[in-house]
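Read the figures in this text as sums done on the coordinates, not as results from a lab. Given the structure is predicted, the values throughout are model-derived calculations rather than measurements. Ideal geometry is used to build each Cβ from the backbone, glycine not excepted, and the neighbour counts take in all protein chains shown.
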Amino acid sequence: MKGLFTLRVLTIDQIMEIINLAIKFKNGLVKKYPGQKMVNLFYENSTRTQYSFQVAMINLGIAPLAVDLETSSVKKGETLYDTVRTFQSLGVSGVVIRHITDRFYEDLREIKVPIFNAGDGKSDHPTQTLLDLMTIYEEFGKFEGLKIAIVGDVTHSRVAHGAAEVMKRLGLEVYVSSPPQYRDDTAAHIELDEAIETCDIINLLRVQFERHAHEMEMSKEEYHRLYGLTVERQKRMKKGSIIMHPAPINRGVEIASECAECENARIYKQIENGVYVRMAVISLALDGFFDNIEIP
Ligand code: CP
């Protein structure tokens, strides 16, 4: 298969090559692919991922096709495979897909153009992990030995599940800190107040209300007090540490509104880096970097 499906199948050297190319794009590298077209197929809502892929395409001289799935034949029941196969016939050079189903790409083994996973179910969000890694690398110049706490609704988070495995391989000490009902075996648990004082990176997760089978047992205010980054906790953070969040953010739930743009928050820098990471993966894919990827 061709494309970026999950970072789990890439080596550390390949991951570093993507991050280094993204940094070069940020520093002004220009590459153009005139005459190419690509398409975004978002079966779930998105602002950052969808539009930063679009900006990345435009920056690379690639025409993004404007597709509204609400008015497409998806609404007549067309399958994911048939939709992607249609765009391949229309001459696109790549397809960006966000889908509710874990490992949706297993149905696309016969597709010949590169596919970019923009988030699959609760499994992976590889370009989010890459932009998170780029942000950490810019900040600290290394991964080895850094301590990160992934905080919040871990069970429903493809960001947490996709990132933890790669971060451990890169030498980060990875912990999760979450309420018991949103905890799984992604990484060792750490109490939030210990994480706040000892971790280099506090990576907050959005409480994914739309994925919950039952309403949260506590109020948003109680969640914030017990498990959120309050102003008081932000003040106690380790010197030199940073706050990250994939966004969108629930202000007053997992993060106090005042902390979203405080001096050690990197949330909007993550969004900015998302464009460069997506430029890097598109450019590498068109140059053959993701050809013949084996998906176990
Ligand atoms: N972080 C992220 O994936 O945001 P969107 O859902 O807006 O793309």
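Odds and ends about this structure:
- Viscosity 1.002 mPa s, 20 °C: Kirkwood-radius Stokes-Einstein D of region 1-61 over Cα pairs, µm²/s: 157 µm²/s
- Relative packing of peptides 112-118, 83-89 - highest average C-beta neighbours within 10 Å first: 112-118, 83-89
- Here the relative contact order of region 137-213, from alpha carbon pairs under 8 Å that lie six or more residues apart, stands at 41 percent.
- Distance between modelled label sites at Arg109 and Glu210, nm, 7 Å Cα→Cβ extension: 3.1 nm
- Dipole magnitude of region 220-296, debye to nearest 20 (Cβ charges: Lys/Arg +1, Asp/Glu -1, about Cα centre): 480 debye
- Antiparallel DSSP beta bridges within the chain, as percent of all bridges there, nearest 5: 5 percent
- Placed amide H near Leu41: partners under 5 Å, 5+ positions off or other chain: Val96, Ile97, Arg98
- A convex hull fitted around the alpha carbon atoms of region 139-179 yields 64 Å³ per residue.
- In the frame of its principal axes, the chain has Cα extents of 55, 42, 34 Å, reported largest first.
- Counting only Cα atoms, region 170-296 measures 49, 36, 26 Å along its principal axes, largest extent leading.
- With the simple spin-label model, which puts each label point 7 Å out from Cα in the Cβ direction, the Glu138 to Glu294 separation comes to 3.6 nm.
- Of the peptides 36-46, 205-215, 120-130, the order by per-residue mean of other Cβ atoms within 10 Å, starting with the highest, comes out as 120-130, 36-46, 205-215.
- Rel. contact order, % - alpha carbon contacts under 8 angstrom, at least six apart, the chain: 23 percent
- Cα pair distances exceeding 28 angstrom across region 1-146, given as percent: 20 percent
- 15 Å tail of the calculated P(r), region 26-88, as % of Cα pairs: 58 percent
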